[in-house]
Amino acid sequence: ALGDRAVGLIKPFCKHSTRGVDGDGAAPPAGPAAPPPDKNDDRPVIEIRAGEAPRIVTELDAAMCESDLGLYLRGGEVVRLQDKKFRGFEEKEVLSLAIVEQDSDVLFVDAEAAAVFTRYDMKQKKMVACDPPKIYISAWKAMGSRLALPILSAAISCPLILRSGNIIETPGYHAPTGFYFNPLGTVFPKIPQDPGREDARVALALLDKLLAEFPFVGIGPGNTMDERNQSVARSVALAGLLTAVQRRALGPAPMFAISAPTFGSGKSFLVDLFCFLATGRRAPVITPGQDEAEFEKRIAALLLEGIGFVAIDNVEASQLNCQALKALLSQEVMKCRVLSESRMPDCSTDVFVSATGNNLEIALDLRRRVLFCGMNADLENPIEREFEQNPIDLLIEDRAGYVIAALTIIQAYLRSGDAPPCKPLNNFETWSRMVREPLLWLGLADPVASQDLTKMDDPRSEERRVG
């Protein structure tokens, strides 16, 4: 089971009549059902009687909720959280918490665990135990949003500061938001309630250790590396750490584009670092595919499964000009087509999005939705470079400490009452308040300045001016 249900979400059992006939056409006698075969079995008893489908489905609904089997509703479908295998960087297998729709065969087993089903046996002249009839399970599943199951919005794997200022730090289901907090084995201390600027500076110094050996550089004319803008690239990486931890609470947030002149500079490793901080696991990866339609399908597949990270790898400049990607970065909800079906359920877009590639160009109207981070290992064979102190190892040792450091920076700024150090970023107002402004408040370079740097010598901008 995945956790306790919220109080008040379980519908009471309905009283039912004994009208109707059994399958042989004979009216069974009225009276209570037979007791469960095991006297210690506290499952409710559901009598199967012909003509009483509404009562049976209602009792099944209550039993499924009360049994706490980890079932939820999402987009009108019955789902549960479970680990799924995905492809990560360098073809490595990774696990991610996914929201998986449950079919009737799986729900048959759940129904058996939730209740004892009985039917009238003409030969024995009494109610006897039976398997749950699949017709009632299918009818229950088809009720969709009318079911009493709690709504599941998303999974989180670290504490979260909500837009309201409230905090989710107790593992389990959080009814007001629909989030399920599964810390995946990490024990988190409490987030400091009233930290000050000095506490935030100490927390920032700790996070900076994770980035110490990445070869950050800025972007100059022609998307060439420019060390003068290194501080902007570093701020983008720090913004990535804060965004990864807070992503489910931010609404729309920018994409993090990480570029280098050669393979092996650490682009994918930085994305894994973002994901590992937030989840304790490495990032699942997609590639853009052959065309925009294929790119859209791959994005939709991850959103439908509720994955918190969309890491786009091996990107070429022209492949990022995708309407689905723009919608993902701008809207809070996006319609996603289910493969081989006509359904297009609404999916939340509160996912961390990154793109990695060599010599990336961010052009046209995508630029305002992207933060750009440049790297240059400046080695003949950068793929052979090793970190003296692997930041993933640091997170394995103390992920909780680094997560709380990120949240301390945000909490300290929100509690300070200081005037915002910048104007809110259009369409990313909450992200700006919880990620960008705390970094500026601590004296760091503006990560949004990376958008201005990518405008230099943009061939597409020149084409539009000529046109």
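The values are calculated or read from the model by the stated rules, or taken from the named source; none is laboratory data. None of the values given here were measured: they were computed from a predicted structure. Because the Cβ atoms are built from the backbone with ideal geometry, glycine has one as well, and the counts that use them run over all protein chains shown. Quick note on the areas: whole protein, heavy atoms, side chains included, nothing else; ligands and nucleic acids left out. Shrake-Rupley method; radii C 1.70, N 1.55, O 1.52, S 1.80 Å.
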* What whole-number value in Å² describes the accessible area per residue of segment 157-207 for a 1.4 Å probe? -> 49
* Structure fact -> Other residues with Cβ under 13 Å from the Cβ of Ile396 give, with Lys and Arg +1 and Asp and Glu -1, a net charge of -1
* Fraction of accessible area attributable to carbon and sulfur, segment 292-333 (%, probe 1.4 Å) -> 43
* Structure fact -> For Glu90, placing the label point 7 angstrom along Cα-to-beta-carbon and taking segment 337-361, residues whose amide nitrogen sits under 13 Å are none
* Ranked by accessible surface with a 1.4 Å probe, highest first, in what order do Lys134, Lys85 come? -> Lys85, Lys134
* Looking at the P(r) of segment 260-304, how many percent of alpha-carbon pairs lie beyond 11 Å? -> 71
* **Relative contact order (%) - criterion: Cα under 8 Å, at least six apart; region: segment 232-328** => 23
* Structure fact -> Measure of exposure for Asp103: accessible area at 1.4 Å probe, Å² rounded to 10, is 80
* Structure fact -> If amide H atoms are modeled at 1.01 Å from N in the peptide plane, then the residues at a separation of 5 or more from Ile307, or on another chain, having amide H under 5 Å from its own are Ile99
* Near Ala244, within a Cβ-to-Cβ distance under 14 Å, what is the net charge of the other residues, with Lys and Arg +1 and Asp and Glu -1? -> +3
* Structure fact -> Going residue by residue through segment 402-415, the Karplus relation 6.51 cos²θ - 1.76 cosθ + 1.60 with θ = phi - 60° gives ³J(HN,Hα) values, rounded to whole Hz and with x marking Gly or Pro, of 6, 4, 5, 4, 4, 6, 5, 4, 5, 4, 4, 5, 4, 7
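Of Lys85/Lys209; Lys92/Lys423; Lys209/Lys423; Lys267/Lys423, which sit over 32 Å apart, Cα to Cα? Walk me through the numbers on the way to the answer.
Numbers: Lys85/Lys209 30 Å; Lys92/Lys423 41 Å; Lys209/Lys423 29 Å; Lys267/Lys423 30 Å.
Checking Cα-Cα distances, Lys92/Lys423 exceed 32 Å.
Go through Lys84/Lys141; Lys134/Lys335; Lys297/Lys335 and tell me which ones have a Cα-Cα distance over 19 Å in this structure.
Working: Lys84/Lys141 23 Å; Lys134/Lys335 31 Å; Lys297/Lys335 11 Å.
Listed pairs above 19 Å: Lys84/Lys141; Lys134/Lys335.
For a Förster distance of 45 Å, can you work out the FRET efficiency between the beta-carbons of Glu101 and Glu198, rounded to the nearest 0.05? Numbers along the way, then the final one.
Working: r = 48 Å, r/R0 = 1.08.
The calculated FRET efficiency here is 0.40.
More than 22 Å apart: what percent of Cα pairs in segment 107-251 qualify?
On the way: 6780 of 10440 pairs.
Pairs farther apart than 22 Å: 65 percent.
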* **Inter-part distance where segment 250-293 and segment 146-177 are each reduced to a Cα centre, Å** => 25
* Asked: Which value, in Å² and to the nearest 10, is the accessible area of Ser268 when all protein chains are kept and the probe is 1.4 Å?
  -> 30
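In nm², what is the average projected area of the convex hull enclosing the Cα atoms of segment 56-127? Can you show the working numbers first?
Values: hull surface 28.1 nm².
Result: a mean projected hull area of 7.0 nm².
What is the sum of charges around Glu169, taking Lys and Arg as +1, Asp and Glu as -1, for the other residues whose C-beta is under 15 Å from the C-beta of Glu169?
Details: positive: Lys190, Arg248, Arg399; negative: none.
Result for the neighbourhood of Glu169: +3.
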* **R0 of 51 Å, Cβ-Cβ distance Phe387-Gln124: FRET efficiency to nearest 0.05** => 0.10
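Which whole-number value in Å² is the accessible area per residue of segment 290-441, probe 1.4 Å?
Working: 6780 Å² over 152 residues.
Spelled out: the 1.4 Å probe surface of segment 290-441, per residue, equals 45 Å².
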* Karplus 3J(HN,Hα) series, Hz, for segment 115-125 with 6.51 cos²θ - 1.76 cosθ + 1.60 (x for Gly, Pro) -> 8, 9, 9, 10, 9, 7, 9, 5, 5, 8, 6
* **Rounded, prolate or oblate (a/c below 1.5 giving rounded, otherwise prolate when a/b exceeds b/c) for segment 285-431 by Cα gyration tensor** => oblate
* When you take every Cα atom in segment 360-455, what is the radius of gyration, and what is Dmax, the widest Cα pair distance, in Å? -> 17.0, 49
